[in-house]
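The structure appears below as structure tokens.
The values are calculated or read from the model by the stated rules, or taken from the named source; none is laboratory data. Quantities reported herein were computed from a predicted structural model and do not represent experimental measurements. Cβ sites come from the backbone with ideal geometry, for glycine too, and all protein chains shown count toward neighbours. These accessible areas exclude ligands, DNA and RNA; they are computed on the full protein's heavy atoms, side chains included. Shrake-Rupley method; radii C 1.70, N 1.55, O 1.52, S 1.80 Å.
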Amino acid sequence: MAPILRNTDIYAEKILEMLAAKTYVPSPYIIREITDNSSGKIRTIHKPRYFPDQVIHWALILQIQPVMMRGMYKYSCGSVPGRGPHYGRKHLRRWLDTDYRRTKYCLKMDIAKFYPSIDNEALKNEFRRKIKDPHVLWLIDTIIDSAQGLPIGNYTSQWFANFALERLDHFIKQELKIPYYMRYVDDLVLLGPNKKTLHRARPAIEKQLAELGLHVKDNWQVFLANSRPIDFLGYRFYRDKTTLRRRNALRIRRRFAKIGKKNYLTLRDAQAVVSYWGWMKHSDSHYFYNKYCKPHVSVGEARRVISCNAKIRDCS
């Protein structure tokens, strides 16, 4: 990477020549398996090479992002700038607090093996609805055909995945007329006034997903929002409060205890403490923090360590 960054003009010219002559061929992926800390799932990661692949992926998204954002559903969250978990949490919390009648029941669905299951040809057709430039479509097709489905690891994959479900998002709101609907990548939450509306929506959604080669996991549920929490975005949404998901709470508790056993607070540990506090402060977790976290290390202490390291870097 270093030689490329030292000679950006030369390598930019090479990329320009590849794209103009349409000779770009995606490099073989570096494939490895990792364990997702939040879910415990084993995921296969396809790492593209920095040159020319990552550079071309970034350049493509820079050009087509405005087109994809223009029709994107407002509550399509995840892998979208400014629409992370806290964006979703804020709006879902507001729906539950301000409209009891139309948030009485919840349909929770999860798309199975979302990224690798997307049908390549169906995804290409989705792009052809909005983009007409043949040169751009050639590059999009070339990247899509570099793997079956969308490889986890490509910068393009997170954008392509959200774009693939754009029509589904609008179908749920405009055709099925679901009062409140939010999607976080492959997790769907629909809220409505009665069970019948949500049960009727499920097969219609599954039919739409089938056109993209996707299907819903068998663990979908329709339930009364008052009787149990909505497990979504790393939180558990009750009618009158929001708490951390149990798995996340346990991971945070163990990390604070591990940090507390050390004689000093490293920069990495301090950053982890502040990051976890970012999750806790947006939920009703003050008791949890005071009992299980603060006795080991406080957020104030972690912030001081981060601040001191920043000053040292500025002086060096």
13 Å Cα-Cα reach of K22 towards aspartates and glutamates, excluding residues that sit fewer than 8 places from it in its own chain
D141
With unit charges on the beta carbon (Lys/Arg positive, Asp/Glu negative), name the residue among L5, V55, T98 whose Cα is farthest towards the positive pole of the charge dipole of the stretch 1-111.
T98
One finds, for H199 and K291 with R0 = 35 angstrom and r their Cβ-Cβ distance, a FRET efficiency to the nearest 0.05 of 0.30
Mind giving me the nanometre distance, one decimal, between the label points for A2 and H86, set 7 Å out from Cα along Cα→Cβ?
3.6 nm
³J(HN,Hα) across the stretch 266-278 via Karplus (A = 6.51, B = -1.76, C = 1.60, θ = phi - 60°), whole Hz, x for Gly/Pro?
6, 4, 4, 5, 4, 5, 5, 4, 5, 5, 5, 4, x
Compute the accessible area per residue over the stretch 175-316, keeping the other protein chains in place, probe 1.4 Å, unit Å².
57 Å²
Summarise the accessible area of the stretch 1-142 (1.4 Å probe, protein heavy atoms) by the percent that is carbon and sulfur.
56 percent
Would you mind getting the accessible area per residue of the stretch 77-168, heavy atoms of the protein chains only, 1.4 Å probe, in Å²?
41 Å²
Of T266, I178, L214, whose Cα points farthest to the positive end of the dipole of the chain (charges on the beta-carbon: +1 Lys, Arg; -1 Asp, Glu; origin at the Cα centre)?
T266
Between K177 and R93, what length comes free when the chain is fully extended (0.36 nm per residue of separation minus the Cα-Cα distance, one decimal in nm)?
28.2 nm
Inter-label distance for I61 and E121, nm, one decimal - labels placed 7 Å from Cα along Cα-to-Cβ
2.8 nm
Ordering I152, I42 from largest to smallest accessible area (1.4 angstrom probe), what's the sequence?
I42, I152
Under unit Cβ charges (Lys, Arg +1; Asp, Glu -1), what dipole magnitude, rounded to 20 debye, does the chain have relative to its Cα centre?
1880 debye
Pull up all non-local amide H partners of F232: gap of 5 or more, or a different chain, and H-to-H distance under 5 Å with H placed in the peptide plane.
F237
Name the long-range amide H neighbours of A225: under 5 Å, sequence gap of 5 or more, or other chain; modelled H, no Pro or chain starts.
Y105, C106
What list of ³J(HN,Hα) values in whole Hz, one per residue of the stretch 61-68 in order, does the Karplus curve 6.51 cos²θ - 1.76 cosθ + 1.60 (θ = phi - 60°) give from phi, with Gly and Pro shown as x?
5, 4, 7, 9, 4, x, 5, 5
If amide H atoms are modeled at 1.01 Å from N in the peptide plane, then the residues at a separation of 5 or more from K47, or on another chain, having amide H under 5 Å from its own are I30, I31, R32
With θ set to phi - 60° and the Karplus curve 6.51 cos²θ - 1.76 cosθ + 1.60, what are the ³J(HN,Hα) couplings of the stretch 177-188 in order, to the nearest whole Hz, using x for Gly and Pro?
6, 6, x, 9, 9, 9, 10, 10, 6, 10, 9, 10
Dipole moment magnitude, nearest 20 debye, the stretch 5-113 about Cα centre, only Lys, Arg, Asp, Glu C-beta charged
740 debye
Label point distance in nm, T266-A12, each placed 7 Å from Cα along Cα→Cβ:
3.8 nm
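Per DSSP helix of 4 or more residues, -39500 (n - 2.57); summed, then divided by the residues of the chain. What does that give at 222 nm, rounded to the nearest 500? All intermediate terms of the calculation are to be shown ahead of the outcome.
Values: 13 runs with 152 residues, N = 316.
Only helices count here, giving -15000 deg cm²/dmol.
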Normalising by the residue count of the stretch 1-59, find the relative contact order in percent from Cα pairs under 8 Å and 6+ residues apart.
30 percent
Per GNM of the chain with C-alpha springs under 10 angstrom, the most fluctuating residue out of K104, K261, K217 is K261
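If you roll a 1.4 Å probe over the stretch 188-316 with all protein chains in place, what percent of the accessible area is carbon or sulfur?
On the way: 3760 of 7610 Å².
Here it works out to 49 percent.
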Probe of 1.4 angstrom, ligands and nucleic acids ignored: what's the accessible area per residue over the stretch 5-61, in square angstrom?
68 Å²
Please work out how much length the chain gains when fully extended from A21 to R313, using 0.36 nm per residue of separation minus the C-alpha to C-alpha distance, in nm with one decimal.
100.7 nm
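In percent, how large is the relative contact order of the stretch 226-316, given Cα pairs closer than 8 Å and 6 or more residues apart?
28 percent
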